[in-house]
Amino acid sequence: MKKKESQQVVHKTTIGGQSILEGIMMKGPRKTCTVIRKPDNSLAVKEETTTPLKEKYPIAGIPVIRGFVMMVQSLKEGFQAIEYSSQFLGEEEEKPSKLEQWLIDKIGEGVMESVLYFISVVLGVGLAVGLFILLPAFLISFLPQSVPHLGANLIEGILRIIIFILYMVIMGLIPDMKRTFRYHGAEHKTIYCYEKGLELTTENVRIQPREHPRCGTSFLFVIMIISILVFSVVTADSRIVQLLLRIVLLPIVIGLSYEVNRFAGRHDGAFSSILRWPGMMLQHITVLEPDDSMIEVAIVSLQHVIPEDKQEDKW
């Protein structure tokens, strides 16, 4: 029975998604689709045709570099999907405040939205860097100077992982984020269903596993582990220089993490299972069981990005 079940996974796909408030954004090889459940229970669908960056810029396809490029692209597309969803979820909100209206009158609504979008991106990235890079580095600054660099870096890495897990747990306590985590589950289940070659129906999707080996949560956890290794090799006597090095080396850490995650996703051996295990466990926090309405959103979003040639989205 186990052998038969394992043979069902016939097509590992590069298609991935991001869960957002009351919706899902799916990204295929050449299309991106965001689907939002509107307050009136209808669906808003936004489909866009995209060209892989490596076709425009060959450097974006080079190992390690491609991981950082994809991370930046995912952040950009994620913020755009959130901005799109806010148009519908804010339909019942009050009129702009006097300050907002004044800004709209002075600089125009389009410019104001662009400024607010830029600020939200800066704050989002700044929060991540502050929480997971600067805060752990600040905390270990209280360690005695006698603690060797390798030991201090290991403690810093453990603190980074603890802060990350606590952050995810706290986010899961917020009702809106809890629903987003449930949409995350719908995304995973739908991709599993597609990979097994099953018809994309609510019934087929519902019975699929929640945890997926190529999840973004697993990728973030791998970044935490790789950062311990990289920051152990590169060091400096000055605490300030160490902090700067962590920020400068972040693109390399992300790139290496992508390659590790890619390897683990492409192979099914014991070693790959070990690499995937921590991230899969972490998904118990960030990937929750969806309801049928969430599954419907995921199905519609995925159907819009599936390529005609199955080889095009092969992992």
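The values are calculated or read from the model by the stated rules, or taken from the named source; none is laboratory data. Quantities reported herein were computed from a predicted structural model and do not represent experimental measurements. Positions of Cβ are generated from backbone atoms using ideal geometry, with glycine treated the same way; all protein chains shown enter the neighbour counts. Each accessible area value is taken on the protein alone, full model and side chains, heavy atoms only, with ligands, DNA and RNA left out. Shrake-Rupley method; radii C 1.70, N 1.55, O 1.52, S 1.80 Å.
Among the candidates THR14, THR34, which residue alone is of a type in the set (Ser, Thr, Tyr), open to solvent by 30 Å² or more (accessible area, probe 1.4 Å), at pLDDT 90 or above and within 19 Å of the chain's Cα centre (by Cα)? So the residue among THR14, THR34 that is of a type in the set (Ser, Thr, Tyr), open to solvent by 30 Å² or more (accessible area, probe 1.4 Å), at pLDDT 90 or above and within 19 Å of the chain's Cα centre (by Cα) is THR14. Mind listing just one residue for me: the one in segment 235-245 that is farther than 17 Å from PHE142 by Cβ and assigned to a helix (DSSP H, G or I) and, of those, most open to solvent (accessible area, probe 1.4 Å)? Among those that are farther than 17 Å from PHE142 by Cβ and assigned to a helix (DSSP H, G or I), it is LEU244. When you look at VAL233, is it of a type in the set (Val, Ile, Thr) and at pLDDT 90 or above, yes or no? It is false that VAL233 is of a type in the set (Val, Ile, Thr) and at pLDDT 90 or above.
Looking across segment 164-207, the residues that are acidic (Asp, Glu) and either in contact with a Phe, Trp or Tyr (Cβ under 8 Å, 6 or more places away or on another chain) or open to solvent by less than 50 Å² (accessible area, probe 1.4 Å) (or both) come down to GLU187, GLU195.
Residues in segment 139-157 that are open to solvent by 70 Å² or more (accessible area, probe 1.4 Å) and either in contact with a Pro (Cβ under 8 Å, 6 or more places away or on another chain) or without any contact (Cβ under 8 Å) to a residue 12 or more places away in the chain (or both): PHE142, PRO144, GLN145, SER146, PRO148. Looking only at residues in segment 105-150 that are assigned to a helix (DSSP H, G or I) and among the hydroxyl-bearing types (Ser, Thr, Tyr), the one that is modelled with the lowest pLDDT is TYR117. Report every pair of residues separated by at least 6 positions or lying on different chains whose Cβ atoms are under 7 Å apart, first residue within segment 190-217 and more than 19 Å from THR180 (Cα to Cα) and of a type in the set (D, E, K, R), second open to solvent by less than 40 Å² (accessible area, probe 1.4 Å) and not in a helix (DSSP H, G or I). Here the result reads GLU195/HIS11; GLU195/THR13, each pair linking segment 190-217 to a residue that is open to solvent by less than 40 Å² (accessible area, probe 1.4 Å) and not in a helix (DSSP H, G or I).
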